[in-house]
Amino acid sequence: MTQPPLPRDATLADIGEFGLISRFNFPQSDAVFLGPGDDAAVVRTRSHVVVSVDMAVEGRHFRRDWASAHDIGREVAAAALADIAAMGGVAHSMVVALGAPPTLSAQWALDLAAGIGEEAGLAGASVVGGDVTQASQVVISVTVMGGCELAPVTRAGARVGDVVALRGRQGWAAAGLAVLSRGFRSPRAAVAAYARAEPPYEAGLQAAHAGATAMIDISDGLVSDLGHIAEASGVCIDIDSALLSVDDILESVGAALGIAPLTFVLGGGDDHPLAACFAHSDVPEGWVVIGRCVAGAGVLVDGAQYDGAAGFTHF
């Protein structure tokens, strides 16, 4: 049924929970047997089921005055989708829960949904259901399901002698956050990177086929997240800073704000590149070697302890 036009000033209180839900329109892939509209969705799978959930809270993970609803939707979806890729998997379905004040613009909620659906489509997934409830602030929870063609790549398989490689943009979102936190809106490329991640979804499966021994999504910070691989695998990871890409945009932001641009790369989160460990001969095309696994524990930078911010923490 064709919906009547939505008044521009309509709020969630005006159209109600089911009025909002009736306006969602998510394309469904062949993996979906039964999509939105019933008590639960039904998806087809022929492999391991890989599941991840990610939550975003207004004021903690995003600000509505810093990013559009569409970009926030893409960002929150990307955060969960990247976790599936980091296991060597391919996402196929997603459920989303939204808590929001009744005064929230209905169009904002629909734009958020459109962004979530668009990002899901980039990873080959479909939004198959979810929930909507009233809350004092906007809270978004995204649960993603996927499958692995091969055995899942965990954080625990790295070996002494492996190299550590990175695939995807790193440090740009942190530079954008630094710019916005100081009340600026440029460079626009950095601000846009903060608003919307660009995870290399296809790279997780590529790494699995290339024999990756361990892998992780860099969501909180390079040093921090590589520390999870080091701990789980019982190795020390030594990052070679000369091998890290410090892009011109990071140099520009660093110079303008008086921040060493390398700190964006080492401690910045929210870009969601993938980091993986490989035997030296197995590094696939497009991945950049940034360090190696050695005997010991923890993460080093150029052979020494890193005394800067290693990454984001919630508490």
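Some observations on this one:
- Each semi-axis of the equivalent ellipsoid for region 1-130 is √(5λ) with λ an eigenvalue of the Cα gyration tensor; in descending order they amount to 26, 19, 11 Å.
- Bridges between two residues of region 13-148, per DSSP, are antiparallel at a rate of about 70%.
- Counting every C-alpha pair in the chain, the share spaced more than 37 angstrom apart comes to 19%.
- Estimated FRET transfer efficiency when R0 is 30 angstrom, pair A151-D240 (beta carbons, to 0.05): 0.55
- Note on the chain: antiparallel DSSP beta bridges, both residues inside, total approximately 75 percent of the bridges counted.
- Here is what passes the span test in the chain: the DSSP H helices with alpha carbon length of 18 Å or more along the helix axis and a Kyte-Doolittle mean of -1.0 or above are 69-85, 106-122.
- Per-peptide average of other Cβ atoms within 10 Å, ordering 57-67, 275-285, 148-158, 218-228 highest first: 218-228, 275-285, 148-158, 57-67
- Check: region 163-305 dipole with +1 on Lys, Arg Cβ and -1 on Asp, Glu Cβ, in debye: 400 debye
- Most to least packed among 85-92, 136-143, 173-180 [average Cβ atoms within 10 Å]: 85-92, 173-180, 136-143
- Once the Cβ-Cβ distance of Q107 and S47 is raised to the sixth power relative to R0 = 30 Å, the FRET efficiency obtained is 0.20.
- Which of P261, S181, A193, positive extreme of dipole for region 178-263 (C-beta unit charges): S181
- Computed from point charges on the beta carbon alone (+1 for Lys and Arg, -1 for Asp and Glu), the dipole magnitude for the chain about its Cα centre is near 220 Debye.
- Helix-derived mean residue ellipticity, 222 nm - over the chain, DSSP H n ≥ 4, -39500 (n - 2.57), to 500: -9500 deg cm²/dmol
Every number in this text was worked out from the coordinates using simple rules, so none of it is lab data. These numbers were taken from a predicted model, which means no experiment stands behind them. With ideal geometry, Cβ positions are generated from the backbone for all residues, glycine too; neighbour counts draw on all protein chains shown.
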